[in-house]
Structures are given as structure tokens and as C-alpha cells.
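Before any comments, here is the structure.
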Amino acid sequence: MEYIKRHLEPEILEVSRDYPAILLTGPRQSGKTTMLRKLSEEEGKGRKYVSLDDYDLREQARYDPKGFLQKYSPPVLIDEVQYAPDLFTYIKIYIDEHHRPGDFWLAGDQIFRLMRGVRESLAGRVILFSMMPLSQREITGAESRAFTTDYSRLLEEEKKIAPMTLPKIYERIWTGGMPGRVGTSGKDRERYYSSYLIAFVERDVRELSGEVDALKFNAFIRSAAARCSQLVNCKAMADDAGISQTQAKDWLGILETLGIVFFIHPYSNNVLKRTIKAPKMYFADTGLVCYLTRWTSPEVAESGAMAGALLENFAVSEILKSYSNAGLEPYLYYYRDHDAKEIDLLIEGDGKLCPVEIKKTASPEKKIIGAFSLIEKAPLIRGTSAVICTGDRLSSFDEDNLVVPVWLI
């Protein structure tokens, strides 16, 4: 498959000119290694590449980290660095002795474990990046821009991005954004995701939690996928998998640790006291969701019972990617109170709170925006709102409430 340029590339190169180390995390097979090796070739510094996926190299990095760094001296790209956490201390010593920008490029899957090592050894010496699966903007070659509800910006973007029909939208949802799946036929889909889950359970999950019942874990992750875009319900997932709620919470933490799922937390303050406390759960890759929930084609995914949930997961994950790829911290929330009144997404920035609804319709009705009044008691100014839908053009109900096609994210 032809290489797809990632939006993080200029960010990484720019930071490498000023900082001695960068650390890139993200889910398995999201393209971290491919991108960094591509950048290594283009920068022309003779950067060495070493992967701790190799057991012998991993053992050397663990038990003789000083000798390891002498053999693989900077500039170096160390992949799967989570397997040798003691290496961080020696990287710190090397950085403090030499003070050279761009010496260390580090990559790994297990986000929380890596963060612990960074906090303990490399604080102030490393810049962190997170890579999700390919965004639709990356796939189509569109410019990297964080999503906004600014009408003039969206109008400008609409001129550059080709509209997508409803079937095309669900083809994108069903295919997902894993580099190994984009641009391929659907024939190898079952084999790809089956192999992906086997490697995920056998290597990543066991590395974090020790022995695990693969059948029960697979039942658990399928249950989680069936509940994407919903409030987290550990009891229901535990019942589906035949495990305890404590085990379900632990496994959900592992899915987050490995970048498979992410959570959007509720917006609340001293005024809005009746809000639900549970987070909503989304998957980083909608293709994986479709595989786990057994939607065998884009057509059945579009017409099936999960069509709305899949569209919401797709939209929220694309918004998150747009911020992450632009090097910005996303401040995303949702709102739901005990009267079941809900707003799918709230985007905070510049002292404003912009409400967003996501609907599987080409022509949303204006009554949808009625829920947006729920946040008028919030301390932040209510910004321009948006209803994200499957329409073919940008429009609005009025100057403060936009109708945004999902392909424009």
C-alpha cells in the first residue's frame, strides 16, 4: 500500500529540533513505526532503528541498558520501548551529558506504563505525541485542521473537501482507519482483525495483566464494542463475558491503556448538579467495532441497529484526531442529566462551550437544537453550536446553530 502522509510529521520534526527526545504512543498497528522510519530516512541523519520486539535485544536493554545505548548510540529510534522501562533512566543520563536535540525517538503501545516511566525519568526532557488510526483528512489528503464550529472556517474547508454520500460514509466507517486496512479490499478483513486480536490478547493484554482467559476477554471486548457511544456499563459487560465487575473495570482500563478505547467525560460544575457521572465510551477505530459486532458489509452497518452509534463514534473519534494531529489538547465533554436530557458533545475553548449533536439524517430538524439550552447556566459563554449529520452541504438554522456534514470534520 502506498504510504499515507501523517499530519503529525511536521510537529515531530519541529519538536525534534529543540528537544532531545520524543515519545510516540498509540494503539497497535496505527502506523507509529512506519511514520517514524519514513521520517528517519528523510532527515538523513543516519538514525539507527532498533525494536525491542526482538527478545534478545529486549533482554539486553533490560539487563544491560548502558551497554545497549553504547551499541545503539543516538540518533536512534527505539521501538516497543515499553518492554524495557529501566532504559529511561539511562536515556536521561545520556541526555543530561550531551544536550543534543533529536537524539532519541521512542515509540510504544502501552500508554500508561510509558507515562509512568516518563514521569519518573524523563520529565522535562521528552515531548509526548499520541497517534490514533488514520483520520479521514489524512486518507483524503486534506489539510490538518482542528474541528471548529466557526462558520467562515467551515465554509472555506467545504471548498476543498469532496462531499461523501451516505453509502460512502458507512464504507469509511466499516473500513476504519488502520493503515493495514485502508486502500485494501474487504476480502482480507476477517483475517486482518482476527490476527490483530490474537496478537493483542496474547502479547499486549498478557503483558499488562498476566494470564488471561482469551475466550472471556474476546466476549468482553465484543460487548464493549456493542456499547460504543454509550455510557459505560461495567455490570452489563461483566455479565456478557461471565466475569466480575472488578475484572470488567480492569479490562476496560487495559483497553484504554492500549489506545483501543477512549472516554468522554461529563461536563459539570456547581450550577449543573444533576448531571450523570459515568463517562461515554468510544473506540479509536470504527472498523474494529464493525468487525467485533459482526457487521459484514458497509450496507448492513448503514441499515443495522447500530447505525447511529457507529456514526457518533466515527464523528467523535474524527474530532479527537483532528485536535491530536494538530498538536492541540482537546477539551471534549458530553452532557446528560438525570432527566435523560442529553447533548452528544461539548467542545470547550477560548472561554466558550460549543454544543454538538450527531444525527444519522441528511436533513436534521431544528427541534434538535432545543437541548442546547441546557448549558446556558454554565459559567462559560455558549458558542456556536452544530448538528453533525449525513447531509451533502454546510448550512445553518440561524447564525448561532450550524448544520455540518460529517465528511467536513
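The values are calculated or read from the model by the stated rules, or taken from the named source; none is laboratory data. Note that the coordinates shown come from a computational prediction; the quantities given were computed from them, not determined experimentally. Using ideal geometry, Cβ is built from the backbone for each residue, glycine included, and neighbour counts are taken over all protein chains shown. Accessible surface is based on the protein model in full, side chains and every heavy atom, while ligands, DNA and RNA are left aside. Shrake-Rupley method; radii C 1.70, N 1.55, O 1.52, S 1.80 Å.
Within the set LYS216/LYS360; LYS45/LYS160; LYS280/LYS360, which residue pairs have Cα atoms separated by over 25 Å?
Over 25 Å Cα-Cα: LYS216/LYS360; LYS45/LYS160.
Only one item in (1) 21.9, 66; (2) 25.9, 89; (3) 20.9, 63 matches Rg and Dmax of the Cα atoms in Å derived from the coordinates shown, and that item is (1).
Looking at the range 149-220, which trypsin sites (Lys or Arg not before Pro) are DSSP coil and have at most 15 other C-beta atoms within 10 Å of their C-beta? Don't jump to the answer; show the numbers that get you there.
Details: sites: ARG153, LYS159, LYS160, LYS168, ARG172, ARG181, LYS187, ARG189, ARG191, ARG203, ARG206, LYS216; in loops: LYS159, LYS160, ARG181.
Loop-located and lightly packed - LYS159, LYS160.
Computed from Cα positions, the angle between helix 87-98 and the longest principal axis of the chain comes to roughly 70 degrees. Within straight-line reach of LYS366, meaning a Cα separation under 20 Å, sit the following lysines at least 8 residues removed in sequence or on another chain: LYS341. Ignoring ligands, DNA and RNA, what percent of the 1.4 Å accessible area of the range 1-144 is carbon and sulfur? For the range 1-144, the apolar C and S fraction of the accessible surface comes to 48 percent.
Whole number in Å², please: accessible area per residue of the chain, 1.4 Å probe, ligands, DNA and RNA not counted.
On the way: 18070 Å² over 409 residues.
Here the residues of the chain average 44 Å² of exposed surface.
For a straight C-alpha distance cut-off of 13 angstrom, the aspartates and glutamates reachable from LYS48 (same-chain residues fewer than eight places away being disregarded) are ASP79, ASP103. Our Cα-only numbers for the range 1-60 put the radius of gyration and Dmax at 12.8, 35 Å. Taking label points 7 Å from Cα along the Cα-to-Cβ direction, GLU376 and ASP86 give a separation of 6.3 nm. Helix-only arithmetic for the chain: the sum of -39500 (n - 2.57) across DSSP H runs with n ≥ 4, divided by the residue total, places the mean residue ellipticity at 222 nm at -11000 deg cm²/dmol. Using the Karplus relation 6.51 cos²θ - 1.76 cosθ + 1.60 with θ = phi - 60°, the per-residue 3J(HN,Hα) values for the range 47-62 come to 5, 6, 10, 9, 10, 7, 5, 6, 4, 5, 5, 4, 5, 5, 5, 6 Hz, with x marking Gly and Pro.
To test your reading of the geometry: what angle, between 0 and 90 degrees and rounded to tens, separates the Cα axis of helix 32-43 from the longest principal axis of the chain? Around 60 degrees separate the two axes. Under the criterion of Cα pairs below 8 Å and six or more residues apart, the relative contact order for the range 78-198 equals 22 percent. Across the range 45-183, counting alpha-carbon atoms alone, Rg and Dmax equal 20.2, 57 Å.
Remark: relative contact order (the chain) = 16 percent; criterion is Cα-Cα distance under 8 angstrom and separation of 6 or more residues. Modelling each spin label as a point 7 Å along the Cα-to-Cβ direction, I'd like the TYR55/LYS367 distance in nm, to one decimal. So the label points at TYR55 and LYS367 sit 6.4 nm apart.
Only Lys, Arg, Asp and Glu carry charge here, each on its Cβ (+1 for the first two, -1 for the last two); on that basis the range 1-98 has a dipole of about 60 debye about its Cα centre.
Per the 1.4 Å probe, what fraction of the accessible area of the range 354-401, in percent, lies on carbon and sulfur atoms?
For the range 354-401, the apolar C and S fraction of the accessible surface comes to 44 percent.
Taking square-rooted eigenvalues a ≥ b ≥ c of the alpha carbon gyration tensor, is the range 130-278 rounded, prolate or oblate, where a/c under 1.5 means rounded and, failing that, a/b exceeding b/c means prolate? Oblate. At the listed q of 0.22 Å⁻¹, the Debye profile of the range 126-179, built from one uniform point per Cα, gives log10 I(q)/I(0) equal to -1.02.
How high is the FRET efficiency from GLU342 to GLU2, r the C-beta distance, R0 41 Å, rounded to 0.05?
Working: r = 42 Å, r/R0 = 1.01.
The computed FRET efficiency comes out at 0.50.
Against the main long axis of the alpha-carbon atoms of the chain, helix 189-199 sits at an angle near 50°. Where in the range 224-308 are there trypsin sites (Lys or Arg not before Pro) that are in a DSSP coil and have at most 12 other Cβ atoms within 10 angstrom of their Cβ? Within the range 224-308, the qualifying trypsin sites (Lys or Arg not before Pro) (loop, at most 12 other Cβ atoms within 10 Å) are LYS273, ARG274, LYS277, ARG294. Judged by the gyration tensor of its Cα atoms, with axes a ≥ b ≥ c, the range 30-127 is rounded; a/c sits under the 1.5 cut. Remark on SER396: its backbone amide H falls under 5 Å from those of VAL403, a criterion applied only to residues 5 or more positions apart or on other chains, H modelled at 1.01 Å from N. For the cross-link pairs LYS235/LYS359; LYS32/LYS92; LYS32/LYS277, which exceed 26 Å when the distance is taken from alpha carbon to alpha carbon? In this structure, LYS235/LYS359; LYS32/LYS277 lie more than 26 Å apart at Cα.
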